[in-house]
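Every number in this text was worked out from the coordinates using simple rules, so none of it is lab data. Just so you know, these numbers come straight off a predicted model, no measurement behind them. When we count neighbours, we look across all protein chains shown, and the Cβ atoms used for this are built from the backbone with ideal geometry, even at glycine.
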Ligand code: 5AD
């Protein structure tokens, strides 16, 4: 398993081989893995990068995840919820820019008011973004946490067709170490299964560089994505937030976490082949060209910020989150430059669905 060519031709990887990929440190070896992942991406998905405009519409959260800057116990966070009009307006702007899809993300709530609000927002975005260029309106991804199957069904009927729910870690011991006891791995897996059965394109992912995390854990995460038949992956480095219980635990330094995150993207591309993989904002928090490096390592999705600047400072999942002061307009120009700089094109006015998902239903 040394040449890029060998890696590209490989259909199946064993756990040992994945561990070996993730353990690479030598520059030449890293470059070979990266090139192989890029090749597989171009062969299976093409060179287009798809945009998902990100609207973080509320930071009110019932969960108390030990790593998260908007966890329920963070008393000094100003809690907000955008009005329906503001969400729809951002989504319309997104459609006008040719972004094609939007992600509605928020803290987790399960009360009826919240569920019907999300349902209403999805329906309103669908209704108002149909045009000649987008005959079915914007593609809508939801990222609003663990919900009952009935709630997921309501979201799907309203018009959302993709759902992101990170597993954070597929290892039971590590999952328990970073979450309060009420949150369980089994419950998250139940959610991922429900979402797939309902017909969503399902995304998951993990944080990379968590306290106590090993390359074996990460290799098992990739096998988990494979075995769960996941369509989309969003993952990035873990970035400590000083106000959280995990914030002061020892972790690998930024360079190591960045390298690990890029290797995870590349290895996931090599193993899963035709899924969508996001170059996440967290990558850029650790490295000024983090997202470009993500694209070069096999990612094909980027999530431009659409959250109104006034509330963005209240959605700090981690410290040094980039682009906090940049308006959506500034973000647009910045990203187009970044994508062009790595020789890729932007898939304007397309949903850019996961080819993996298309393969399942076809
Ligand atoms: N560092 C990196 N990513 C984080 N997330 C939450 N807190 C952090 C952190 N400190 C990620 C989680 C969650 C997503 C919305 O943000 O993976 O699923």
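Side notes on the structure shown:
- Working from label points 7 Å from Cα in the Cα-to-Cβ sense, the residue 16 to residue 176 distance is 3.0 nm.
- Extended-chain gain in nm, criterion 0.36 nm per residue less alpha-carbon gap, residue 47 and residue 187: 46.8 nm
- Look at 93, 351 and count the other Cβ atoms within 10 Å of each Cβ; fewest to most, that gives 93, 351.
- Separation of alpha-carbon centers, segment 30-103 and segment 323-346, rounded to whole Å: 14 Å
- Segment 232-362: C-alpha gyration tensor shape, a/c 1.5 cut-off, then a/b vs b/c: oblate
- Placing dummy labels 7 Å off each Cα toward the beta-carbon, the span from residue 8 to residue 23 is 2.7 nm.
- Relative contact order of the chain, pairs being alpha-carbon contacts under 8 Å that are 6 or more residues apart, as %: 24 percent
- Inter-site label distance for residue 120 and residue 229 at 7 Å from Cα along Cβ, in nm: 3.6 nm
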